[in-house]
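The values are calculated or read from the model by the stated rules, or taken from the named source; none is laboratory data. Please read these numbers as outputs of a predicted model, since none were measured by experiment. As a convention, Cβ positions derive from the backbone with ideal geometry for all residues, glycine included, and neighbour counts pool all protein chains shown. These accessible areas exclude ligands, DNA and RNA; they are computed on the full protein's heavy atoms, side chains included. Shrake-Rupley method; radii C 1.70, N 1.55, O 1.52, S 1.80 Å.
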There are 2 protein chains.
Amino acid sequence: MDNYIRIFDTTLRDGEQSPGATMTSAEKLEVARALARLGVDIIEAGFPAASPDDLEAVRRIAVEVGHPARMDGLPRRPPVICGLARASKNDIDKAWEAVKHAAHARIHTFLATSEIHMRYKLKMDREQVIERVAEMVAYARRLCEDVEFSPEDAGRSDPEFLYIVLGEAIRAGATTLNIPDTVGYTTPDEFGALIAGIVKNTRGIENCVVSVHCHDDLGLATANTLAGIRAGARQAEVTLNGIGERAGNTALEEVVMALHTRRPVFNLVTGIDTTQIVRLSKLVSNYTGIVVPPNKAIVGANAFAHEAGIHQDGMLKHQQTYEIMRPESVGVRQSQLVLGKHSGRHALKARLNELGYALSEAELDKAFGRFKELADKKKSISDADLEALVTDEFYQPREVFTLDGLQVACGTMGMPTATVRLRDPDGAAHTRAAIGTGPVDATYKAIDSIVQASNTLLEFSVHAVTAGIDALGEVTVRIQGKNGGRTLDAQKEVEQPRTFGGHGADTDIIVASAKAYLAALNKLLVASGGYGEAEKAAQVSAVLA
Amino acid sequence: MDNYIRIFDTTLRDGEQSPGATMTSAEKLEVARALARLGVDIIEAGFPAASPDDLEAVRRIAVEVGHPARMDGLPRRPPVICGLARASKNDIDKAWEAVKHAAHARIHTFLATSEIHMRYKLKMDREQVIERVAEMVAYARRLCEDVEFSPEDAGRSDPEFLYIVLGEAIRAGATTLNIPDTVGYTTPDEFGALIAGIVKNTRGIENCVVSVHCHDDLGLATANTLAGIRAGARQAEVTLNGIGERAGNTALEEVVMALHTRRPVFNLVTGIDTTQIVRLSKLVSNYTGIVVPPNKAIVGANAFAHEAGIHQDGMLKHQQTYEIMRPESVGVRQSQLVLGKHSGRHALKARLNELGYALSEAELDKAFGRFKELADKKKSISDADLEALVTDEFYQPREVFTLDGLQVACGTMGMPTATVRLRDPDGAAHTRAAIGTGPVDATYKAIDSIVQASNTLLEFSVHAVTAGIDALGEVTVRIQGKNGGRTLDAQKEVEQPRTFGGHGADTDIIVASAKAYLAALNKLLVASGGYGEAEKAAQVSAVLA
């Protein structure tokens, strides 16, 4: 057995399935690019059968990230681009349509094998399940030479039955066998034993890669994944920050850094450039609006916080006394401060390049304008500020309505009032005032009276990007539209209302709040009204009517 | 070996050590009360030798929570109250002074046993370590019949040496032997083997309780704790939400719910009332300002989020298809909405009692006033709103300066301006205006120009307490004062600057921001100036001079 662990990132599929983590196509593409740079082996880019939008997002990633010519001269082999499909011809066709443009494409299909899922969800018996698996894996294999099969809820399935199902999948052409603990139920001992049993008892498994896919419902996802790897798995399915439904998936950063930090124990390697981990963690947190707590392993703000006190006090006699990995190994930069008011366009460009942003000249002009504005208000501009600024400027959804002006009065005297001016897609200005329970409520009511897209605000949060009271504030909101469309959950086969996230950054948090809300509303409008280039004008008139 | 796992909660000691998690004495007492109601067996209430304030906080908990008469007629045996002490007579004396009033008191002392810690931190050889342990455990045992000893950094210590040190500690009178993986370095297999070796090879261990204390640097704390328990440990040291230095400690909720959910595997019980877990998680998050991400196991907002979609769609054929525990089992209430504008004082009192708040009549009057104010602005008031309101009203530090008025203008036109009126402890009003980069910055600058306590804002975050744009906003800030005192870290023996958190709730987030900042500033003033009852007037004049 080789000692290389394939990292299969499913941030864009299982991760995006977490409530409110919906990303725009542009955001997904940016995450996929960053994942390729990080060195993941396989990107599960989505579930193409969910909707035409989902298919298109996966297709774009296959075309733009899955192809060597598009990799901006990076030395790496492009990652495999994978699409999820239920065990049906329609799903498999859609998945293939989405991924086939990648240099290395994979179809991942699944069917549940636990008694409870077969009885209550599938209403199929064991024979029927075996038959369907054999048929659909063979069908996928006729389209694509790289086929992954997962027996859903394997953690609660009868191992003897699993050996048979997996053996049939292999006979039908599956090349990777993924073993999911779908409900996060197993302990490391149990999960390790399950994988060991599969490796030992499944016919033909020696020619396949065994994969593990764990969930964190009991806080054991990372330990289960490592137990599976020690028992013979050579692929780990993970997400950044461990995002995903319920308590989420296994965190990429934990598995990779455990293997890395304890290499003498595991004697295994990955292809990950660990120094990019913290940057990717932030990118995903920004796009999904899912916060990373300070005490999160590897990527939390406090994960290396002992550093500060120690350096200041000069008290520590030996670095490793309380440190098992170097902050630099995951990309935590010790020197933070970089740019200020007098920094030029060249310095900005150089710094953005170092941070991994390759902007065109036109984009750089815009970014430099924003940078100068910010530098007028704030003395020192850190990497975090720059990242917030670039994200705010370039990774917003295609704008339908734009914020043209905002004026707010509030305080303890009551009657918080906001006046908002928006431009619609035709460039016409609309101004409205509203009173609310607070300045954000007033602002949102004023925006609502112009945009008229009824929705519920599910979540609202603000954090300062950097320390200091003049910091850039970043606002994340999450809304659910009354007419915002629904999305299909691959596993539960349940259509759920889609939720839309938006973020905005500004030194004025009320302005940032307005931007964030507008970003989410624009996503909602695009999803519900299909605000395409052509229909845009007509649709807007309808909305404004 | 019995099948009862003792839950040793160190939220107030190791948890409070996380950067910025500093709590006031009142907050600590409230958390300790809630921990007693939750049913934890041992509360590690603090490190009394750190400062007179720390000692006093532990003493108050021993007196008010550690005594049966004070337990408000609850049927439970009061928890053991434990104080941490380095292996020195002074520390042990202080710990005993703090905990001795509890019906069941414990002294917890420790000394490092890994080569790296002995060489670089202690500068002691093995013989000296053994001698000191025997001497100090015996000293503690003369004061207190319940003595716990921890060999610090046991995870990286030579097991053969550990057997000897632990044997000596037992001979000297230790009753609990705690094995810490101080730097979060071990894997479950390694840690389980370490505990099994200790149980097998340590002389006299059969009459002691073996305890495990893990850290989450590699995301393995819960798995390591469970591996230790399976190998024979009968006490688990944990914190709520897994807070603690760096990546934090083992999460109480994960260990308890893993044992609970997988009882047939573990065949072990705890004394925890699991239905209080989510409420405590929120309490600790509010007081420390350390957020819980939506994908946190057990207590994250999404941990049971599949529920919503499923119920709405009526699609799920069988509850357990995607659910391994019931939300009710950890206190997630399915019916949320409770009170509105027309609810009376009696309804409010009843609801607060159900939520676990026992307010006096005078406090209830205040709460009812706040409730009516809120009900004027917001149609329906949820449990979360009520909890934010009560926390904001009753668990603030003793106020030095109070907010008397605030008026803010901001928006895209620039020049955000805030006018603030504060009352000092003598009741005199001070009004100042300031311009800032945003409304919060302007407000904080206006407050600073009155209070004049120089500090750095380390963190600022806002979240909406409930869904809906008229929601109550809750602001958490964390500051570090230039003269805010320092705190002693028990393990690293490093004095670090103290940081102070504050929170505020209001429908106007700028007002909430002002309250939160003032709360943190008041804590800072009390800590640095010793704003006691007597000196208060004099100190304030000095500050205002």
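Only one of the numbered conditions (1) at pLDDT 65 or above; (2) surrounded by fewer than 24 Cβ atoms within 10 Å (Cβ to Cβ) is violated by B:V540, and that is (1). Listed residues A:R60, A:R106, A:R126; which is more than 20 Å from A:V165 (Cβ to Cβ), touching a helix residue (DSSP H, G or I) at 6+ places or on another chain (Cβ under 8 Å) and either of a type outside the set (S, T, Y) or modelled with pLDDT of 95 or more (or both)? After applying the criteria, what remains is A:R60. Tallying residues that are under 19 Å from B:D273 (Cβ atoms) and hydrophobic (A, V, I, L, M, F, W, C) within region B:38-70 yields 5. Out of the residues in region B:282-294 that are more than 10 Å from B:I243 (Cβ to Cβ) and open to solvent by less than 20 Å² (accessible area, probe 1.4 Å), state the one that is modelled with the lowest pLDDT. Within region B:282-294, the match that is modelled with the lowest pLDDT is B:G289.
Working only within region B:352-375, note down all residues that are part of a helix (DSSP H, G or I) and either among the hydrophobic types (A, V, I, L, M, F, W, C) or at pLDDT below 80 (or both).
Selection gives B:L352, B:N353, B:E354, B:A362, B:L364, B:A367, B:F368, B:F371, B:L374, B:A375.
Residues in region A:27-39 that are open to solvent by 10 Å² or more (accessible area, probe 1.4 Å) and outside any helix (DSSP H, G or I): none. Only a single criterion out of (1) within 19 Å of A:T175 (Cα to Cα); (2) open to solvent by 30 Å² or more (accessible area, probe 1.4 Å) is not satisfied by A:N90, namely (1).
Could you list, in sequence order, all residues of region B:444-453 that are touching a helix residue (DSSP H, G or I) at 6+ places or on another chain (Cβ under 7 Å) and facing chain A (nearest Cβ under 9 Å)? Listed by number, the list holds a single entry, B:Y444. Checked against (1) at pLDDT 80 or above; (2) surrounded by 15 or more Cβ atoms within 10 Å (Cβ to Cβ); (3) within 14 Å of another protein chain (Cβ to nearest Cβ); (4) in a loop (DSSP other than H, G, I, E, B), A:L316 meets all criteria but (1). Taken together, the criteria place B:I243 among residues that are on the phi < 0 side of the Ramachandran plot, modelled with pLDDT of 85 or more, at the interface with chain A (Cβ under 8 Å from one of its Cβ atoms) and in contact with a helix residue (DSSP H, G or I) (Cβ under 6 Å, 6 or more places away or on another chain). Of the residues in region A:385-398, at least one is open to solvent by less than 40 Å² (accessible area, probe 1.4 Å), among the β-branched types (V, I, T) and under 21 Å from the mean Cα position of the chain (by Cα).
Residue-level check: of (1) buried (at least 20 other Cβ atoms within 10 Å of the Cβ); (2) under 29 Å from A:G405 (Cα atoms), B:M415 misses just (1). The set of residues in region B:136-154 that are closer than 16 Å to B:W96 by Cα, without any contact (Cβ under 8 Å) to a residue 60 or more places away in the chain and among the acidic types (D, E) contains only B:E145. Pull up region B:198-243, narrow it to residues that are in a loop (DSSP other than H, G, I, E, B) and of a type in the set (V, I, T), then point me to the one that is nearest to the chain's Cα centre (by Cα). The qualifying residue nearest to the chain's Cα centre (by Cα) is B:I243.
Answer with yes or no whether B:D53 is among the charged types (D, E, K, R) and either within 16 Å of the chain's Cα centre (by Cα) or within 24 Å of B:V269 (Cβ to Cβ) (or both). Walk me through how you get there before you give the answer.
On the way: among the charged types (D, E, K, R): yes; either within 16 Å of the chain's Cα centre (by Cα) or within 24 Å of B:V269 (Cβ to Cβ) (or both): no.
So B:D53 fails the test.
Just so you know, in region A:257-306 the residues that are over 23 Å from B:V292 (Cα atoms) and charged (D, E, K, R) include one that is nearest to the other protein chains (Cβ to nearest Cβ), and it is A:R262. In region B:412-435, the residues that are more than 13 Å from every other protein chain (Cβ to nearest Cβ) and of a type in the set (D, E) form no Cβ pair under 7 Å with any partner that is open to solvent by 50 Å² or more (accessible area, probe 1.4 Å) and part of a strand (DSSP E or B), whether six or more places apart or across chains. Name every residue in region A:145-171 that is closer than 28 Å to B:T261 by Cβ, open to solvent by 10 Å² or more (accessible area, probe 1.4 Å) and away from chain B (no Cβ under 14 Å), in order of residue number. The answer is A:D158, A:P159, A:E160, A:Y163. The residues listed here are A:V408, A:V420, A:V400; of these, the one that is modelled with pLDDT of 80 or more, more than 18 Å from A:I509 (Cβ to Cβ) and not basic (K, R) is A:V400. Scanning region B:102-144 for residues that are hydroxyl-bearing (S, T, Y) and away from every other protein chain (no Cβ under 14 Å) turns up B:T109, B:Y139.
Of all residues in region A:223-240, at least one satisfies being open to solvent by less than 20 Å² (accessible area, probe 1.4 Å) and within 21 Å of B:L252 (Cα to Cα).
Evaluating B:S211 against the criteria (1) farther than 21 Å from B:V137 by Cβ; (2) surrounded by 24 or more Cβ atoms within 10 Å (Cβ to Cβ) leaves one unmet condition, (1). Checking each residue of region A:172-187 against the condition of being at pLDDT 95 or above, assigned to a helix (DSSP H, G or I) and open to solvent by 20 Å² or more (accessible area, probe 1.4 Å) gives no match. Which pairs have Cβ atoms under 8 Å, sit 6 or more apart or on different chains, and link a residue in region B:109-122 that is without any contact (Cβ under 8 Å) to a residue 12 or more places away in the chain to one that is charged (D, E, K, R)? Pairs found: B:M118/B:D125; B:M118/B:R126; B:Y120/A:K317.
Just name the residue that is nearest to B:A375 (Cα to Cα) out of those in region B:324-347 that are modelled with pLDDT of 75 or more and polar (S, T, N, Q). Taking the candidates together, the pick is B:S343.
When the criteria are applied in full, A:D54 meets the requirement of being modelled with pLDDT under 95 and surrounded by 23 or more Cβ atoms within 10 Å (Cβ to Cβ).
Within region A:9-36, residues that are under 17 Å from A:Q491 (Cβ atoms) and of a type in the set (K, R) have Cβ atoms under 7 Å from residues that are at pLDDT 85 or above and not in a helix (DSSP H, G or I) in these pairs: A:R13/A:E44; A:R13/A:A45; A:R13/A:G46; A:R13/A:F47; A:R13/A:L84, counting only partners at least 6 apart in sequence or on another chain. Annotation: of all residues in region A:1-26 being surrounded by fewer than 22 Cβ atoms within 10 Å (Cβ to Cβ) and out of contact with any Gly (no Cβ under 9 Å at 6 or more places or on another chain), the one that is modelled with the highest pLDDT is A:N3. Within region B:172-196, being of a type in the set (V, I, T) and within 14 Å of chain A (Cβ to nearest Cβ) holds for B:T182, B:V183, B:T186, B:T187.
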